[in-house]
Amino acid sequence: LVLLLSLPRAPFKDYDRSLTLLKEQLNNPIGQDSTLKDFLFFLSSFIQELKSQNEQYREEKKQREILQQKLEELKTIEKKLLERDNKKSP
């Protein structure tokens with residue numbers, strides 16, 4: 001379930017839930033050998049990295065959208081200035 005919830009392109013992805021499940025297993029000392037515990041730590045750090053990259057991607061996407069909007073506004077201003085100049089200089 002942890003792996004399924006952490007698939008990057010899955011519509012049901014939920015990094016927080018996946019990390020919660022891992023933490024529950026890490027806190028449960030019954031029936032865990034050191035190899036399994038090491039694997040769970042590895043998986044936890046891997047999912048945390050995925051989550052971090054996902055958040056960074058969202059922030060960058062948001063910044064790109066803001067910059068694109070500003071660029072469009074500047075183009076509109078430039079177009080209006082050119083139109084105004086063309087009307088003044090016949």
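Below 8 Å, C-alpha to C-alpha, sequence gap of six or more: please give me the relative contact order for the chain in percent.
Relative contact order comes out at 20 percent.
Per residue, how much accessible area does the stretch 8-59 show when a 1.4 Å probe rolls over the protein heavy atoms, in square angstrom?
75
Which value at 222 nm does the chain reach when only helices count, each DSSP H run of 4 or more adding -39,500 (n - 2.57), with the total divided by all residues and rounded to the nearest 500 deg cm²/dmol? Present the calculation step by step, with values, prior to reporting the outcome.
On the way: 3 runs with 71 residues, N = 90.
Taken over the chain, the calculation gives -28000 deg cm²/dmol.
Under 17 Å from the 7 Å Cα→Cβ point of K62, by amide nitrogen: which residues of the stretch 8-52?
51-52
Give the Rg/Rh ratio for the chain, taking Rg as the radius of gyration of the Cα atoms and Rh as the Kirkwood radius, to two decimals.
1.47
Of all the accessible heavy-atom surface of the stretch 1-55, with the other protein chains kept in place and a 1.4 Å probe, what percent is carbon and sulfur?
58
Among N28, L43, Q56, whose Cα lies farthest out toward the positive end of the dipole of the chain, if unit charges sit on the beta carbon of Lys, Arg (+1) and Asp, Glu (-1)?
After comparing all options, I get Q56.
Of K13/K62; K23/K61; K13/K37, which sit over 25 Å apart, Cα to Cα? Could you put the intermediate results ahead of the total?
Details: K13/K62 20 Å; K23/K61 30 Å; K13/K37 23 Å.
In this structure, K23/K61 exceed 25 Å between Cα atoms.
Relative to the Cα centre, what is the charge dipole magnitude of the chain, using +1 at the beta carbon of each Lys and Arg, -1 at the beta carbon of each Asp and Glu, and rounding to the nearest 20 debye?
Computed about the Cα centre, the dipole is about 640 debye.
Starting from the Cα of K80, draw a straight line to each of the lysines and keep only those under 21 Å, dropping any in the same chain fewer than 8 residues away.
K70, K88
Quick check: the angle from helix 34-88's long axis to the longest principal axis of the chain, C-alpha only, nearest 10 degrees?
10
Whole Å is fine, so just give me how far the alpha carbon centre of the stretch 1-23 lies from that of the stretch 60-75.
32
At 4 °C and 1.567 mPa s, what whole-number value in µm²/s does Stokes-Einstein give for the translational diffusion of the stretch 1-52, with Rh from the Kirkwood sum over Cα pairs?
Answer from the Stokes-Einstein relation: 116 µm²/s.
The values are calculated or read from the model by the stated rules, or taken from the named source; none is laboratory data. Predicted model only: the values in this text are computed from it and were never measured. Please note: Cβ atoms are built from the backbone with ideal geometry, for glycine as well, and neighbour counts cover all protein chains shown. The protein model used for the area step is the full one, side chains on, heavy atoms only, and it has no ligands, DNA or RNA in it. Shrake-Rupley method; radii C 1.70, N 1.55, O 1.52, S 1.80 Å.
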